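Asks: Quick one: the structure is below, and I'll ask about it shortly.
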Amino acid sequence: MEKQSKSKNQPIRIALAKGRVARQAIKVLENLGYVFPDYSKESRKLVFRDKDDQLAFFLVKSPDVPTYVENGTADIGIVGRDILLEHPADVYELLNLDFGRCKMCVAGFEDLDISFNKKLTVATKYPNIAKTYFDSIDQPAEYIYLGGSVELAPVLGMSDCIVDIVETGTTLKENKLVVERDILDISSRLIANKVSLKTKKDKITPIINRFEQELKNENNKKSSSK
Ligand code: PRP
């Protein structure tokens, strides 16, 4: 009984994908009125509670966000669509938050030849997405998984091309690579644990509503500035 009431008073736990997604997500949470007194970009702390103890966010590697949400350690999470496609999890995808926009692309040197009679070597952090794409166009390919700095692979001659996210295009440009094909549009998604959404509905619904309202406000701002 005591345990139950203790968990009822716990803040809603939200897992954020470290890096760009988290930085933008925290800005949105602050716009929604949450104040995190301990948070600063420089802080090495991993869990931050808002001053009213309604929400606690923690920062994890992006592929771990669906894992934390699926097993209920986090009630909700914010993560890119790229991660949800690469690491499918049994969670509810509630909202397209429309930030963290980028594209999943095939990139290589300008003279890259994507032709069906040549097997391509593809370096990527996203082997499932890459395979789904190349299979869909009947392109024979083999895949090398890398954890980061994927652009190095064609530069050093380890692969013919990469499948990776492109945001500003700076990394490609500085390494003399170009986009060959756009595969997917990516943006951040709000996801929820299936049980939490039922058992903590009274606490989670207002948070979702606030995100929805913020999205509407942003869209109104965009359309009135056109
Ligand atoms: C991502 C991605 C590209 C880069 C693209 O890497 O894998 O390398 O960003 O961004 P741009 O188009 O704005 O240059 P990230 O910075 O997440 O680091 P990583 O290479 O270590 O994965």
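Asks: For an R0 of 22 angstrom, estimate the FRET efficiency from the Cβ-Cβ distance between Ser225 and Leu95 and round to the nearest 0.05.
Replies: Taking R0 as 22 Å, the efficiency between Ser225 and Leu95 is 0.45.
Asks: Want the number for Ser43 to Ile144: 0.36 nm per residue separation, take away the alpha-carbon distance, what's left?
Replies: 32.9 nm
Asks: For Lys201 and Glu218, calculate 0.36 nm times their separation in residues minus their Cα-Cα distance, and state this gained length in nm to one decimal.
Replies: 3.6 nm
Asks: Work out, step by step, the length gained on full extension between Gln54 and Asn31: first 0.36 nm times the residue separation, then minus their alpha carbon distance; give nm to one decimal.
Replies: 6.8 nm
Asks: Please list, ordered by chain and number, the residues whose modelled amide H lies under 5 Å from the amide H of Ser62; skip anything fewer than 5 residues away on the same chain.
Replies: The answer is Lys18.
Asks: On to the next question. Going 7 Å from the Cα of Met158 toward and past its Cβ, which residues in region 106-129 have a backbone nitrogen under 12 Å from where you end up?
Replies: 122-125
Asks: Could you work out how far helix 127-136 tilts from the main Cα principal axis of the chain, as a 0 to 90 degree angle to the nearest 10?
Replies: 50
Asks: In Å, what is the Rg of the alpha-carbon atoms in region 133-220, and how long is Dmax?
Replies: Over region 133-220's Cα set, Rg and Dmax evaluate to 19.8, 55 Å.
Asks: Turning to a different aspect of this structure: In whole Hz, with x marking every Gly and Pro, tabulate ³J(HN,Hα) for region 158-175 from phi via Karplus 6.51 cos²θ - 1.76 cosθ + 1.60, θ = phi - 60°.
Replies: 7, 9, 6, 7, 10, 10, 7, 7, 10, 9, 8, x, 5, 4, 4, 4, 5, 10
Asks: Next up: Hey, can you grab everything whose amide H is under 5 Å from the amide H of Ile12? Only 5+ residues off in sequence or another chain; H modelled, so Pro and N-termini drop out.
Replies: Leu55, Ala56
Asks: Explain nothing, just the number: relative contact order of region 102-184, from Cα pairs under 8 Å at least 6 residues apart, as a whole percent.
Replies: In percent, rounded to a whole number, it is 49.
Asks: Rounding to the nearest 10 and keeping the result within 0 to 90°, find how far the Cα-based axis of helix 20-31 lies from the longest principal axis of the chain.
Replies: That helix lies at roughly 30 degrees to the long axis.
Asks: Which of the residue pairs Lys41/Lys201; Lys103/Lys176; Lys18/Lys51; Lys18/Lys194; Lys18/Lys203 have a Cα-Cα distance greater than 28 Å in the structure shown?
Replies: Lys41/Lys201
Asks: If you look at just the Cα atoms of the chain, how large are its Rg and its Dmax in Å?
Replies: 20.0, 67
Asks: Still on this structure: Give the separation of the Cα centroids, region 37-78 to region 204-220, in Å.
Replies: So the two Cα centres are separated by 19 Å.
Asks: Which angle from 0 to 90°, rounded to the nearest 10, does the C-alpha axis of helix 201-224 make with the longest principal axis of the chain?
Replies: That works out to roughly 60 degrees.
Values quoted throughout were computed directly from the atomic coordinates according to the rules given, and no laboratory measurement underlies them. Because the structure is a prediction, the values reported are computed rather than measured. Neighbour counts are summed over all protein chains in view; Cβ atoms, including those assigned to glycine, are modelled from backbone coordinates with ideal geometry.
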